[in-house]
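What follows is a set of notes on a single structure, which appears directly below.
The values are calculated or read from the model by the stated rules, or taken from the named source; none is laboratory data. Worth saying up front: this structure is predicted, and the values here are computed from it rather than measured. Virtual Cβ from ideal backbone geometry, glycine too; neighbours counted across all protein chains shown. Quick note on the areas: whole protein, heavy atoms, side chains included, nothing else; ligands and nucleic acids left out. Shrake-Rupley method; radii C 1.70, N 1.55, O 1.52, S 1.80 Å.
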Amino acid sequence: MSDNPLFDYLLRLGDTSLVLGHRLSEWCGHAPELEEDVALTNIALDLVGHARLLLSYAGEVEGKGRDEDALAFLRDVYDYRNHLLAEQPNRDFGHTIARQFLHDAWALELFETLAGSADERLAGIAAKAVKEKRYHLRHSAEWVVRLGDGTEESHARMVDAFNRLWRFTAEMFEADAVEQALAAAGVAPDPASLRPAWEARVDAVLAEATLPARPATIGTSGGRIGRHGEHLGYLLAEMQFLQRAYPNAAW
Amino acid sequence: MYTQGLDVGSDSDRTTAPTGPEERFQARVDAEEKIEPRDWMPDGYRRTLIRQISQHAHSEIVGMLPEGNWITRAPTLRRKVALLAKVQDEGGHGLYLYSAAETLGASRGDLVADLLNGKAKYSSIFNYPTLTWADIGAIGWLVDGAAIMNQVPLCRCSYGPYARAMVRICREESFHQRQGYEIMLALSRGSDAQKRMAQDALDRWWWPSLMMFGPSDGQSAHSAQSMRWKIKRFSNDELRQRFVDATVPQAEFLGLTVPDPDLAFDEATGHYRFGAIDWSEFERVLKGDGPCNRERLEARRKAWDDGAWVREAALAHAKKKDARAQAAAA
């Protein structure tokens, strides 16, 4: 952690958007229907767009001359601060949707709150993102319902997807010195305060989807402090290839 | 992305004698009126359009693969966002084009099935691999550039829905073309390694781009009918020449060398003369033996097969919802 909580916080948000956007972009050209190729690519585009705004701001806050690309392409795994949920592999369309839904339900709540942040720049970024997050959540929630309440096979796949992913959700609501400092300054909400609305949203959609209820949270965490799973290294190796192979080139 | 150049041929209407409706139809076409879905049209006109529009749609969809190949490896976030937006546009073009084909009575399901079972064609250019980042620049600059040459005249196609779809598509294509050229410009102003990457991409994409306009006019047996129906406005060779004339000065500005020792500006005609195209390569790729034909179709089939459970679930859910709504209403 740096001695600048705002910088750390912006990395946590920016990296989560970037890594999740990267995962969605892996679907481009391979989705179950052309409409979904377009929709998933569009959501990926929004997420990478949010990441650019957040990482650019992070670089300015840090004040060491790093721009969005230096932060995205020249940090190794242990300096990445994304949620573990975001880096989980796509597996099938159902897992991708479940992962997206759990994230969207959190992110909409968060960005709605951040739109009133004492930090004007962050408030502006969040206000722009809220409109897109609403659409993302509608898209992912509708698919959770269709797949949960679809066929036997789709139901079983969604049960499996949520079972794999629940353990990564606790991290979204954890706070350490970074979030505590920003909550005290009115810049960001206490993450725990987002939980009731997230739970209510998730529970309502699971019920409509005829899927099993959300289990009591057991969590693994660490993404926010740079303790990741094995998947992220491969994701970064692919994403950072050109910047690493041709150092200091302009593109 | 994409373009024609498949030279799909046209079905002249041998079964219908040139009686009243056909003459009236041709008179409307000659008067530059737009033909709309409910209007009478010769069967051959309908079949030609369905084939051309669906091949165009398939090309957009297959074209997402070689470019999508570099989304996760784009060198900066700005380039990544631009490439995502471009590939998303291509999916959107596919959607409008399938809708335009549906106005002629075709079903999107059947058209997609024909692509997956290898019956339908798509532009051969997408059977070449994208090996470096410069290929993303070269595709935008050359492949989209060639597409625009072919597609701008299609905005005046006699069939209304196709012409209108092309207006929007062309607007987006010209944006893509500028993006591609800008990638090439950055590379050609960059390090020696980047310049080499740019030259290598031009070397590999130049000739396939010229082939996108289809066979020479002498070999293109079906063009005349498409011209008469005003589906096609210019011959393959005319469009190819325009593309060469527009593109060679752009290559010079980039400081790159067009891989054609016979290329020369002809003062007398005001056009570039260029070397002979290797049509045996074109035929080979068209027949399925290009570098990536198998991979492209396999990728499309895999996406379709892997997504079967999703489509089935969506249908099953829609039925359940309807049934519940009916039960509630009863």
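When the criteria are applied in full, residue A:102 fails the requirement of being aliphatic (A, V, I, L, M), closer than 14 Å to residue A:205 by Cβ, open to solvent by 10 Å² or more (accessible area, probe 1.4 Å) and away from every other protein chain (no Cβ under 14 Å). Scanning region A:204-251 for residues that are in a loop (DSSP other than H, G, I, E, B) and touching a Lys or Arg at 6+ places or on another chain (Cβ under 9 Å) yields A:209, A:217, A:218, A:219, A:220, A:221, A:226, A:240, A:250, A:251. In this structure, does residue B:118 turn out to be more than 29 Å from residue B:202 (Cα to Cα), in contact (Cβ under 8 Å) with a residue 24 or more places away in the chain, surrounded by fewer than 24 Cβ atoms within 10 Å (Cβ to Cβ) and of a type outside the set (S, T, N, Q)? Criteria met by residue B:118.
Checking B:138, B:163, B:147 one by one, the residue that is farther than 15 Å from residue B:254 by Cβ and either more than 16 Å from the chain's Cα centre (by Cα) or surrounded by 23 or more Cβ atoms within 10 Å (Cβ to Cβ) (or both) is B:147 and no other. Please tell me if residue A:187 is in a loop (DSSP other than H, G, I, E, B), of a type in the set (Val, Ile, Thr) and under 26 Å from residue A:51 (Cα atoms). It is true that residue A:187 is in a loop (DSSP other than H, G, I, E, B), of a type in the set (Val, Ile, Thr) and under 26 Å from residue A:51 (Cα atoms). Is region B:296-303 home to any residue that is open to solvent by less than 60 Å² (accessible area, probe 1.4 Å), over 22 Å from the mean Cα position of the chain (by Cα) and not small (Gly, Ala, Ser)? Scanning region B:296-303, I find no residue that is open to solvent by less than 60 Å² (accessible area, probe 1.4 Å), over 22 Å from the mean Cα position of the chain (by Cα) and not small (Gly, Ala, Ser), so the answer is no. Of all residue pairs spaced 6 or more apart or on separate chains, those with beta-carbon atoms under 8 Å, a first member in region B:59-83 that is under 25 Å from residue B:146 (Cβ atoms) and open to solvent by less than 20 Å² (accessible area, probe 1.4 Å) and a second member that is at pLDDT below 95 and among the β-branched types (Val, Ile, Thr) are B:59/B:3.
For region A:72-85, give me each residue that is within 22 Å of residue A:242 (Cβ to Cβ) and within 17 Å of the chain's Cα centre (by Cα). Give the steps one after another, and end with the answer.
Initially, region A:72-85 is screened for residues within 22 Å of residue A:242 (Cβ to Cβ), giving A:72-80, A:82.
Within region A:72-85, A:72, A:77, A:79, A:80, A:82 qualify.
Of the residues B:297, B:239, B:286, the single one that is within 14 Å of another protein chain (Cβ to nearest Cβ), touching a residue at least 40 places away in the same chain (Cβ under 8 Å), under 22 Å from residue B:212 (Cα atoms) and not in a loop (DSSP other than H, G, I, E, B) is B:297.
Among the residues examined, residue B:92 does not qualify as more than 14 Å from every other protein chain (Cβ to nearest Cβ) and open to solvent by 10 Å² or more (accessible area, probe 1.4 Å). Scanning region A:112-129 for residues that are closer than 15 Å to residue A:54 by Cβ and open to solvent by 10 Å² or more (accessible area, probe 1.4 Å) yields a count of 10.
Do we find that residue B:197 is under 28 Å from residue A:243 (Cα atoms) and either in contact with a strand residue (DSSP E or B) (Cβ under 8 Å, 6 or more places away or on another chain) or modelled with pLDDT of 95 or more (or both) in this structure?
Numbers: under 28 Å from residue A:243 (Cα atoms): yes; either in contact with a strand residue (DSSP E or B) (Cβ under 8 Å, 6 or more places away or on another chain) or modelled with pLDDT of 95 or more (or both): yes.
Yes; evaluated as a whole, the condition is true for this residue.
Given the condition in a helix (DSSP H, G or I), away from chain B (no Cβ under 14 Å) and of a type in the set (A, V, I, L, M), answer yes or no: does some residue in region A:21-42 qualify? Looking through region A:21-42, none of the residues is in a helix (DSSP H, G or I), away from chain B (no Cβ under 14 Å) and of a type in the set (A, V, I, L, M). Scan region A:32-42 for residues that are surrounded by fewer than 24 Cβ atoms within 10 Å (Cβ to Cβ) and touching a residue at least 40 places away in the same chain (Cβ under 8 Å) and the total you get is 3. Before we move on, is residue A:201 away from chain B (no Cβ under 14 Å), in contact with a helix residue (DSSP H, G or I) (Cβ under 8 Å, 6 or more places away or on another chain), closer than 27 Å to residue A:68 by Cβ and part of a helix (DSSP H, G or I)? Here the answer is no, as residue A:201 does not meet what is asked. Close contacts from region A:96-122, counting a first residue that is touching a residue at least 40 places away in the same chain (Cβ under 8 Å) and a second that is open to solvent by 10 Å² or more (accessible area, probe 1.4 Å) and hydroxyl-bearing (Ser, Thr, Tyr), with Cβ to Cβ under 7 Å and a gap of 6+ residues or different chains, come to A:121/A:57.
Scanning region A:146-184 for residues that are open to solvent by less than 10 Å² (accessible area, probe 1.4 Å), within 14 Å of chain B (Cβ to nearest Cβ) and among the aliphatic types (A, V, I, L, M) yields A:147, A:158, A:161.
Residues are listed down the side, and each one gets a yes or a no for (1) in contact with a Pro (Cβ under 8 Å, 6 or more places away or on another chain); (2) within 13 Å of chain B (Cβ to nearest Cβ); (3) at positive phi; (4) open to solvent by less than 20 Å² (accessible area, probe 1.4 Å):
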position	(1), (2), (3), (4)
A:9	no, no, no, yes
A:45	no, yes, no, no
A:63	no, no, yes, no
A:72	no, yes, no, yes
A:79	no, no, no, no
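Residue A:71 satisfies every condition listed in (1) in a helix (DSSP H, G or I); (2) under 30 Å from residue A:209 (Cα atoms) except (2).
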